[in-house]
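This report refers to the structure that appears directly beneath it.
We did not get these values from a lab; they are worked out from the coordinates using the rules stated. Predicted model, so just to flag it, every value in this text is computed and none were measured. Because the Cβ atoms are built from the backbone with ideal geometry, glycine has one as well, and the counts that use them run over all protein chains shown.
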Amino acid sequence: MLEGARERRVRTGGVELCVAELGDPRRPTVVLVHGYPDSKEVWSEVAARLAGRFHVVLYDVRGHGRSSAPSPLRGGFTLEKLTDDFLAVADAVSPDRPVHLVGHDWGSVQSWEFVTVKRTEGRIASFTSMSGPSLDHFGHWINKRLRRPTPRRVGQLLGQGAKSWYVYLLHTPVLPELAWRGPLGKRWPGILERVEKVPGGDYPTASLPSDAAHGAWLYRDNVRPRLRRPREDAYAHAPVQLITPLGDAFLSERLYDGLELWAPRLTRRTLPAKHWVPRTRPDRLADWITEFVTATEDGRSETAANGKYADRFGGQLVLVTGAGSGIGRATAFAFAEAGARVVAVDRDAEAAARTAELSRLIGARAAWAEAVDVSDEQAMEKLAARVAAEYGVVDVLVNNAGIGLSGSFFDTTPEDWKKVLDVNLWGVIHGCRLFGRQMAERGQGGHIVNTASAAAFQPSRVLPAYGTSKAAVLMLSECLRAELADRGIGVTAICPGLVNTNITSTAHFAGVDAEEEKRRQQRTARLYGARNYPPEKVADAVLEAVVRNRAVVPVTPEARGAHLMSRFAPRMLRRLARVKPPL
Ligand code: NAD
């Protein structure tokens with residue numbers, strides 16, 4: 001029983017369905033349909049998060065959980081019968097208003113049927129699909145590739161074919177039933193925890209062996225007939241939001257190529273996760289469902305921002321330090337264009353406020369400014385507490401704030417060292433420690449990006465302190481990446497070369513008087529200006545690095561060159577390090 005849920009029984013087609021409701025029935029109704037081999041409890045985390053805003057309805061599919069099974073089983077699980085069940089539930093819980101449908105796995109497969117058949121028209125306001133394609137679309141997808149088998153298409157067929165091994169097994173008689181009622185049923189919770197990283201709790205329920213045995217008929221009754229003769233008119237009559245977990249062991253991303261043909265009002269979302277997202281990513285799902293349902297209710301067809309990577313970062317909470325200028329500001333803008341919620345942190349309050357304001361204008365779902373010095377441990381602790389309380393757990397953290405320092409080792413004073421290490425290294429440590437811990441404790445993944453520099457692997461006679469601070473950031477990132485990999489948190493070190501930003505005019509030149517320092521700042525600024533590599537390109541690299549979960553990303557050709565040399569020609573790099581820069 002889900003906490004706080006009201007239960008009722010709905011009779012339909014010779015079975016009795018167990019239906020649970022949460023939240024205020026006067027609010028828009030969201031119906032959550034579970035997959036295989038699950039029961040409605042797979043949704044408990046998501047349902048709890050949605051119940052404050054919506055009337056949430058979950059039901060055990062026939063033969064699962066506390067719903068009764070059809071008799072005989074064979075022929076009792078056809079998509080037509082499942083559609084009858086859905087309509088009976090919808091009529092019982094929301095007789096006057098269409099419902100918002102959400103399906104996972106087989107819950108999504110059957111929901112595709114609901115949203116593409118004529119008799120449900122007007123009963124479904126929107127559909128959010130995750131990890132379960134329409135069998136009709138799948139059938140056409142296969143046929144298209146068989147009819148014109150280019151090497152790429154054959155590769156796609158074989159790839160999905162390999163991922164579908166369990167579908168073949170489920171078509172064998174009796175064997176699946178024996179396995180589920182025997183050893184597999186006992187081991188399943190452990191397998192989910194180990195392989196899929198599904199945390200323990202009220203799921204899976206004790207009904208698992210019989211759910212899984214009955215559910216085998218979902219496959220047997222539907223897969224072969226539909227794949228052989230897919231419907232020609234399987235067009236969605238409601239807006240569809242497709243959420244694709246990129247690490248799904250059972251479904252290839254390619255399955256959804258061209259889905260716009262079948263679902264013209266399509267919003268795509270992607271997330272780095274495995275198959276059981278209702279258990280592993282409930283915050284993200286609840287947020288995307290809320291946004292989509294609310295937009296549909298308000299009559300807005302456009303929900304997601306349309307920037308590059310909007311499918312991935314829409315609605316995510318992104319915190320960028322040093323966001324008042326240069327690379328930090330460009331990074332905040334790139335996430336804003338992708339529809340993220342942006343926290344712009346800088347010690348310069350006005351600059352941070354400006355970044356937040358512009359972020360809102362260019363597409364951020366929300367943006368806030370925070371004036372904090374990243375080297376100040378207590379201020380960072382307060383920031384972390386405030387952000388968690390007011391905006392939530394950060395999904396992407398970009399530790400970017402940094403300062404420049406140039407000068408020979410003997411000209412660099414202990415104060416100079418302290419200053420550059422405090423900002424460039426300790427600022428990153430504080431960020432990782434505080435926001436990284438929140439991410440890890442939430443247990444729903446995330447990503448940390450630390451701005452190092454090409455100076456992290458390219459020695460230079462004039463950058464001993466700066467280079468040391470950045471090399472430390474690079475190693476910290478690598479160690480943290482190893483530690484957090486298990487928790488689905490990626491860590492990236494970004495290593496730019498010469499980028500045209502304000503850093504040159506604020507960098508400190510050790511061992512020279514104020515006048516000479518000014519002159520050197522101006523000369524460096526001219527040099528960087530002539531090189532003219534824009535911070536926006538670094539921002540692009542940051543977003544791509546998060547999407548691809550890259551470890552170390554040199555940006556600019558000279559940084560890439562130095563990175564290669566550090567591996568394959570380190571002696572040459574050491575020679576270059578001796579050259580005095582022309583300042
Ligand atoms: P920038 O000077 O244009 O921007 C840095 C921002 O960080 C400024 O808004 C500044 O106010 C803020 N900041 C500085 N110290 C801070 C502190 N203690 N707390 C909070 N905010 C602080 O410089 P940029 O070039 O955009 O630099 C961003 C990062 O990129 C830095 O870490 C820098 O070392 C690194 N980087 C820059 C280059 C380059 O060529 N520009 C190359 C490699 C690495």
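Cα convex hull, the chain: 164 Å³ per residue, rounded to a whole number.
Mind giving me the FRET efficiency for F568 and W165? R0 is 45 Å, r the Cβ-Cβ distance, nearest 0.05 is fine. The formula returns an efficiency of 0.60 here. The range 206-225 and the range 553-578 have Cα centres spaced 58 Å apart. When restricted to Cα atoms, the range 6-297 yields an Rg and a Dmax of 17.8, 53 Å, respectively.
Of interest is the spacing of the C-alpha centroids, which for the range 334-367 and the range 258-313 amounts to 22 Å.
In this structure the amide hydrogen of H508, modeled in the peptide plane, comes within under 5 Å of the amide hydrogens of G404, L405, S406, none closer than 5 places in sequence on its chain. Diffusion of the range 44-106 by Stokes-Einstein, at 10 °C in a medium of 1.306 mPa s and with Rh set to the Kirkwood radius over alpha-carbon pairs, works out to 119 µm²/s. Over 19 Å apart at the Cα level, from the set K419/K580; K118/K144; K418/K470, are K419/K580; K118/K144. Positive-end ranking of M565, N306, L434 along the dipole of the chain, with charges on Cβ about the Cα centre, is headed by M565. In terms of the mean number of neighbouring beta-carbon atoms within 10 Å, the peptides 36-44, 561-569, 202-210 order highest first as 36-44, 202-210, 561-569.
Highest mean first, the peptides 144-153, 116-125 sorted by other C-beta atoms within 10 Å per residue fall in the order 116-125, 144-153. Here the range 477-583 is treated as a sphere whose radius is the Kirkwood value from Cα pairs; by Stokes-Einstein at 25 °C and 0.890 mPa s it diffuses with a coefficient of 152 µm²/s.
Taking θ as phi - 60° and the Karplus parameters 6.51, -1.76 and 1.60, the scalar couplings of the range 61-66 work out to 4, 3, x, 10, x, 9 Hz in sequence order, x denoting glycine and proline. Computed packing ranks the peptides 356-364, 285-293 as 285-293, 356-364, most packed first, by mean other Cβ atoms within 10 Å. Span-like helix criteria (full DSSP H runs; alpha carbon extent of at least 24 Å along the helix axis; mean Kyte-Doolittle hydropathy of at least -0.5) are satisfied in the chain by 464-484. Based on Cα atoms of the range 334-376, Rg over Rh with Rh as the Kirkwood radius reads 1.01.
Please give the net charge around R519, taking every other residue with its beta carbon less than 13 angstrom from that of R519, where Lys and Arg add +1 and Asp and Glu add -1.
Working: positive: K518, R520, R523, R526; negative: D513, E515, E516, E517.
Summing Lys/Arg as +1 and Asp/Glu as -1 gives 0.
What separates the Cα centres of the range 46-86 and the range 114-147 is a distance of 18 Å. Annotation: for a label point projected 7 angstrom from Cα along Cα→Cβ of K418, residues of the range 434-467 with backbone N closer than 19 Å are 465-466. Amide hydrogen proximity for E16: with H placed 1.01 Å from N in the peptide plane, the residues at 5 or more positions away or on another chain lying under 5 Å are S68.
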